[in-house]
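J.: Dropping a structure here in structure tokens format, bear with me for questions.
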Amino acid sequence: MEASKEAFLREFGEHYGYPNGPKTIDEIRATEFKRLDGLVYLDHAGATMYSELQMEAIFKDFTTNVYGNPHSQSDTSSSTSDIVREARQQVLDYCKASPKDYNCIFTSGATAALKLVGEAFPWSCQSCFTYTMENHNSVLGIREYALDQGAAAFAIDVEETVHHGVSNGTAASMKVLQHEVQRRNEASSLEEPTGEAYNLFAFPSECNFSGLRFSLDLVKIIKEDPARILEGSPFCNGQWMVLIDAAKGSATEPPDLSLYPADFVVMSFYKLFGYPTGLGVLIARNDASRLLKKAYFSGGTVATSIADIDFVRRRKSVEELFEDGTISFLSIASVHHGFKILNSLTVSAISRHTASLAWYVRKKLLGLRHENGARVCTLYGDSKALFHDFGPTVSFNLKRSDGSWCGYREVEKLASLSGIQLRTGCFCNPGACAKYLGLSHLDLRSNFEAGHVCWDDHDIIHGKPTGAVRVSFGYMSTFEDAKKFIDFVTSSFVALPNWIESGYQLMQGSESRLGAASFYLKSITVYPIKSCAGFNVESWPLSTSAGLLHDREWVLTSLSGEILTQKKVPEMCFISTFIDLDKGTLFVESPRCQVKLPINFITDSCNGGIEKIKLNGQRYEVQSYKNEVNIWFSNAIGRPCTLFRCFSSNHNFCLNKIKSASMGREMQSMLNFSNEAQFLLISEESVSDLSHRVSTNVQKGARGAASQISPMRFRPNIIVSGGEPYAEDGWKILKIGNKYFTSLGGCNRCQMINIVHDEAGLLQKSNEPLATLASYRRMKGKIFFGILLKYERSEPVGRDGDLWLQVGQDVHPNVS
């Protein structure tokens, strides 16, 4: 056993690994989660993993028993109804809720359960919806129902609290900040709330952003003496009901409703044991559920109804009243097998096991320092709350040694290359995100106006992070998972190297290595159709405005207008292309199509109309083609699509400015359907060096394929040879033959370069070569390889001269 695990077990061995359980954690992983071999899964707050034995038991159950629609009187339906009743009882038992006091209502998920409460709650203009800032969007959505009915709504911050009973002084140690009261009907604000109005207070048992667990004493305080929290608020007089969002927290610490009698609790089963998805539950107190008012009725919810007159009598059972239509009875039948796992391990043991991993990660992250002594990691949820309990969730952001933030998307992408799956963003919890990141209302609005929305790549705006990185643990997580994650952070983000390895680095305009090197043009490749295969030529003309003639002049789109690329349609790489300039024809072939398709530049274009499409924020006028052409391409990629040719692209493309003298400049160039620039140049020596590094990493045991890296993986237009690896990083202006080009900086690479098709025509994906590039070619969150070029036309307008590039021509970097 390695020293790090021995140290961990000395500190956490009493709690880690289920020492008193039916299986140890190592046995669980070896027998029930074999599919996780080589993968570190750390997003259990998003969805935990189902056990393979669990799924085998469900499959056996479904293939040996017959389940019928419970809305029937047949034998199979009756037995199904019995299974559903048993599942309801298991849910109530899990939260220690007596069936005398609580009902279990199945829904399509925790969100649907929250929506049900919001829709059916007895709001009035004297009501109030109060909620903690740390709440999921699915809880915040209840606010819409309250405001629409004239009720008030406001958020609160619970700054401090401890886990003691109310009688032991919890209220004295609790600090609450009330936010602005929201209303949509100003007239209703003039009415003084009375004791007859019903109010709702909502909070999570565990914050899905920070992992902070809220004290369930809030239930008693709100219900018994709301003035302790709502001091000075006119809503203290109303009748308060409490909603707990336990979707995140119930996996390791379900609320004990025998001690904390909340009115509503919501959960989702895939958060507990991975399967089933699309099934949640609302646990409702009997007296609270009787106050819910539901307008819609459906099959299964009525005792009787008459079709042609206004007559309906609803069922009395709360479950039957609120479960519209046929419930997901097969999913409900599978719940038993999930609870069997949790009960065998016990929730308390799961809580201790996962907590030990989370505390280990927190401790290690807090201890990380750069070479200059600066902290690497900022954890969220610790300030003013060191005495809180935390769930098995750790959220944080990383800083570079100069104090600048590392974008969370950079962390996520690099983690994926290392076989680590985690979560980034705000996790649908905007209140907690703004609170912990220190984002004001002005920040949030300006971020949105700058184009930032959920799930995008805008992770740093105006020098501030817009979200965080989150790792979370489940009952099957191991020390090895946590250790690999810490090793990844340490190797990738601590004391960031100066991009030096074996003497090479990202050049910053230096000409010291040019010396007597003799560069020449080794290869020219034209890619007529965006994201399809290109073809090599010995010589090729330059377009007067857009790079190589006909390069990325055509594009395929889906029927909805989405631009298709290999990122979403990898089969596009099998479409080969060739242009015969003398015939004015583009030829395309595909292994899925029996005939070669010729597309004449003139005659075929005349058969289509002019349309407009949008790509990378720019509008293009495009030429469409007759249906036979679109059918050919649809067969080639296995989905309906449309071919367009760039008719005019009267725009200047401006490459984003990167804060580096040579790795990016604000330059303008005319483009067809290229993403960033007219040309991509790579050097043969750089590819050779990268290939050697990849082979070395694979031999050391890193994941990925050990095959030789082909230059064509990078889809270059120009390959040069004759110098040292990465000499091109420092080029500003270069001359090829008698043509001049300006470097726009480095090309930021993505996971597309990890996809390659083998000799059998099958697509293969690994984490190489991007993982190796990330280890020594990363700058400010971007991974550079190759440079982008713009052609600097020197001939007078109207005099094209010799506008051809020729393989073998001399390449002269940094000419004046």
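The values are calculated or read from the model by the stated rules, or taken from the named source; none is laboratory data. These figures come from a predicted structure and were not determined experimentally. FYI the Cβ positions are ideal-geometry reconstructions off the backbone, even for glycines, and counts take in every protein chain you see. Keep in mind that these areas ignore ligands, DNA and RNA; they rest on the heavy atoms of the full protein, side chains included. Shrake-Rupley method; radii C 1.70, N 1.55, O 1.52, S 1.80 Å.
J.: Subtract the Cα-Cα distance of residue 738 and residue 457 from 0.36 nm times their separation in residues, and report this length gain in nm to one decimal.
T.: 97.1 nm
J.: Further question on the same structure: So how tilted is helix 52-64 from the main axis of the chain? Cα-based, degrees 0 to 90, rounded to 10.
T.: Roughly 70 degrees between the two axes.
J.: Here is a further query. So how do 44-56, 765-777 stack up, highest first, on mean other-Cβ count within 10 Å?
T.: 765-777, 44-56
J.: On a full-extension model of 0.36 nm per residue, what is the gain between residue 400 and residue 568, subtracting their alpha-carbon distance, rounded to one decimal in nm?
T.: Gain on stretching residue 400 to residue 568: 57.2 nm.
J.: Here's something else I'd like to know. Could you please put 271, 34 in sequence from largest to smallest accessible area, using a 1.4 Å probe?
T.: Largest accessible area first, the residues go 34, 271.
J.: So for the stretch 526-646, what are the equivalent ellipsoid semi-axes in whole Å, largest first, each being the square root of 5 times an eigenvalue of the Cα gyration tensor?
T.: Sorted largest first and rounded, they come to 20, 18, 15 Å.
J.: As I understand it, the value is the acute angle between the Cα axis of helix 75-94 and the longest principal axis of the Cα atoms of the chain; what does it come to in degrees, rounded to 10?
T.: Orientation of helix 75-94: about 90 degrees from the principal axis.
J.: Taking the alpha carbon gyration tensor of the stretch 242-328, what are the square roots of 5 times its eigenvalues, largest first, to the nearest whole Å?
T.: Its equivalent ellipsoid spans semi-axes of 30, 17, 8 Å.
J.: Quick one: of the DSSP bridges fully inside the chain, what percent are antiparallel, nearest 5?
T.: DSSP beta bridges in the chain are roughly 80 percent antiparallel.
J.: Follow-up question, since we're still on this one. What is the angle, in °, between the Cα long axis of helix 110-120 and the longest principal axis of the Cα atoms in the chain? Nearest 10 is fine, range 0 to 90.
T.: For 110-120 against the chain, the angle is about 60 degrees.
J.: Not counting ligands, DNA or RNA, and with a 1.4 Å probe, what is residue 41's accessible surface area in Å² rounded to the nearest 10?
T.: That residue has around 40 Å² of solvent-accessible surface.
J.: Based on the Cβ-Cβ distance of residue 583 and residue 449, what FRET efficiency does E = 1/(1 + (r/R0)^6) give at R0 = 45 Å, to the nearest 0.05?
T.: That pair, residue 583 with residue 449, gives E of 0.35.
J.: Quick one: accessible surface of residue 448, probe radius 1.4 Å, all protein chains present, in square angstrom to the nearest 10.
T.: Residue 448 exposes around 140 Å² with every protein chain in place.
J.: Normalised by the residues of the stretch 282-430, what does the relative contact order come to in percent, with Cα pairs under 8 Å and at least six apart?
T.: Rounded, it is 12 percent for the stretch 282-430.
J.: By the scheme Lys and Arg +1, Asp and Glu -1, what is the net charge of all other residues having a beta-carbon under 13 Å from that of residue 684?
T.: -3
J.: Spin-label point model (7 Å from Cα, Cβ direction): what's the residue 635 to residue 593 distance in nm?
T.: Placing both labels 7 Å beyond Cα along the Cβ direction yields 0.8 nm.
J.: Would you grab the residues whose amide H sits under 5 Å from the one on residue 102? Only those 5+ places off in sequence or on another chain, please, with H modelled 1.01 Å from N.
T.: 286
J.: Stokes-Einstein diffusion coefficient for the stretch 751-790 at 37 °C in a medium of 0.692 mPa s, Rh from the Kirkwood formula over Cα pairs: what value in µm²/s?
T.: 282 µm²/s
J.: Order the following by accessible area, largest value first: 26, 256. Probe radius 1.4 Å; ligands, DNA and RNA are ignored.
T.: 26, 256
J.: Would you mind getting the Kirkwood hydrodynamic radius of the chain from its Cα pairs, rounded to one decimal in Å?
T.: Taking the inverse mean of 1/r over all distinct Cα pairs, the chain comes out at 30.6 Å.
J.: For the residue pair residue 484 and residue 55, what label-to-label distance in nm results when each label sits 7 Å from Cα along the Cα-to-beta-carbon direction?
T.: Going from the residue 484 label point to the residue 55 one covers 1.8 nm.
J.: Using a 1.4 Å probe, what is the accessible area per residue for the chain, in Å²?
T.: For the chain, the per-residue accessible area is 44 Å².
J.: Just order 227-236, 417-426, 82-91, 369-378 by mean Cβ neighbour count inside 10 Å, highest at the front, would you?
T.: 417-426, 82-91, 227-236, 369-378
J.: Which percent of the accessible area of the chain is formed by carbon and sulfur heavy atoms (probe 1.4 angstrom)?
T.: Carbon-and-sulfur percentage of accessible area, whole number: 51.
J.: Report relative contact order for the chain in percent, whole number only (criteria: Cα-Cα under 8 Å, sequence separation at least 6).
T.: Relative CO of the chain lands at 11 percent.
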